[in-house]
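Following: one structure in structure tokens, then a few remarks.
Computed from the coordinates by the stated procedures, all read-outs in this text should not be read as laboratory data. Note that the coordinates shown come from a computational prediction; the quantities given were computed from them, not determined experimentally. Please note: Cβ atoms are built from the backbone with ideal geometry, for glycine as well, and neighbour counts cover all protein chains shown.
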Amino acid sequence: MSQSASGLAPEALFLCSLEFGLLLPAIFFGKRIFVEDTQRIQNHFSKGLRDGVPIGLGYLSVSVTFGVMAVAAGLPVWAAVLISMTNLTSAGQFAGLSLITGGAPLFEMALTQFVVNIRYSLMSLSLSQKLSGGIRTIDRIFLSFFNTDEIFAVASMQEGALGRRYLWGLALIPYLGWSGGTLIGAAAASLLPDRVASAFGIAIYGMFLAIIVPPAKHNRAVLGVVALSVTMSSLFQWLPALKGVSSGFVIIICAVAASALGALLHPVGQEEEAAGAGEECAS
């Protein structure tokens with residue numbers, strides 16, 4: 001722990017504000033590109049609520065880990081919960097937490113969050129093409145904030161256009177699961193022995209392994225990108241000439257280089273992308 005809880009709070013608040021900057025493309029351009037589906041509109045709140053329950057349960061376990069790690073790193077409980085309530089991004093939050101505790105400058109934190117979370121802007125732009133014409137600008141603003149990988153996959157697989165009631169139902173349980181899990185973990189961290197609290201850090205590695213191993217077993221392109229990322233990250237850790245690079249820029253370099261090379265060597269067509277979204281939704 002490099003700083004006191006009060007000293008880390010300003011950086012935590014800065015992290016809370018970063019996610020909203022990624023909403024701008026969806027806010028300003030989403031209205032112009034959505035299409036109306038007059039044949040069928042999925043707009044049942046209860047249907048969205050049911051579809052969001054499995055996502056929310058999955059988020060609960062991961063966010064408990066984030067809450068424990070955040071408090072163990074020196075953040076106050078309220079700051080940990082506020083980060084989850086204003087970010088809703090596991091990879092971005094864990095990366096941001098390591099930067100906060102490492103004393104990284106705000107510019108590095110902002111750039112890292114941009115690289116890690118820019119996909120949400122692209123997802124919101126894509127999802128906006130399925131919105132029904134009755135969705136107001138204020139709804140698009142908040143729904144783009146609630147958009148996550150899993151919510152995007154489930155929403156994209158629905159037939160016809162999507163109404164705001166369905167999307168609000170779909171987002172509600174995942175948001176409560178992520179924020180509530182963080183509160184549980186942060187509150188429990190002060191009651192847990194130090195050894196137990198620090199052991200929760202292992203859970204995040206297990207989560208990422210569970211995410212990358214199944215697709216890597218069936219897709220050589222994914223395996224290649226993962227292997228390249230691991231190799232580059234290891235070089236930054238072991239080579240004396242590269243060890244001085246801060247963790248935030250290591251994340252940026254590895255993520256951009258590996259994904260760019262993967263996109264160049266193994267471009268994904270629209271049919272493959274749709275099939276991949278269907279598999280993610282089914283799982």
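Give the calculated FRET efficiency between K47 and L228 to the nearest 0.05, with a Förster radius of 41 Å applied to their Cβ-Cβ distance. For R0 = 41 Å, the calculated efficiency reads 0.50.
Contact order for region 114-252, expressed relative to its length and based on alpha carbon pairs under 8 Å spaced 6+ residues apart, stands at 18 percent.
Of the peptides 216-222, 161-167, 41-47, how do they stack up when ordered by the mean number of other Cβ atoms within 10 Å, highest first? Don't skip to the answer; put the middle values down first.
Numbers: 216-222: 13.4, 161-167: 23.3, 41-47: 16.7.
Ranking the peptides 216-222, 161-167, 41-47 by packing returns 161-167, 41-47, 216-222.
In order along region 222-234, the Karplus-derived 3J(HN,Hα) couplings, from 6.51 cos²θ - 1.76 cosθ + 1.60 at θ = phi - 60°, round to 5, 4, x, 5, 5, 4, 5, 4, 5, 5, 5, 4, 5 Hz, and Gly and Pro are given as x. An ellipsoid equivalent to region 67-198, defined through the eigenvalues of its Cα gyration tensor, has semi-axes of 32, 17, 11 Å when rounded to whole angstrom and sorted largest first.
What is the gain in length, in nm to one decimal, between S259 and F208 on full extension, counting 0.36 nm per residue of separation less the C-alpha to C-alpha distance? Each step should come with its number before you reach the end.
Numbers: separation 51, 0.36 × 51 = 18.36 nm, distance 1.65 nm.
Extra length available between S259 and F208 comes to 16.7 nm.
Available extension along the chain between K217 and D194 is 4.7 nm, counting 0.36 nm per residue and deducting the alpha carbon span.
3J(HN,Hα) along region 260-267, derived from phi through the Karplus expression 6.51 cos²θ - 1.76 cosθ + 1.60 where θ = phi - 60°, amounts to 5, 5, x, 5, 6, 7, 9, x Hz, with x in place of Gly and Pro. Under the rule a/c < 1.5 gives rounded, and otherwise a/b versus b/c splits prolate from oblate, where does region 118-272 land using the Cα gyration tensor? Verdict is oblate for region 118-272.
The calculated FRET efficiency for W78 paired with L242, based on their beta-carbon distance and R0 = 51 Å, is about 0.85.
Per-residue 3J(HN,Hα) values for region 94-103, derived from phi via the Karplus relation 6.51 cos²θ - 1.76 cosθ + 1.60 with θ = phi - 60°, read 5, 5, x, 5, 5, 6, 4, 5, x, x Hz in sequence order (x marks Gly and Pro).
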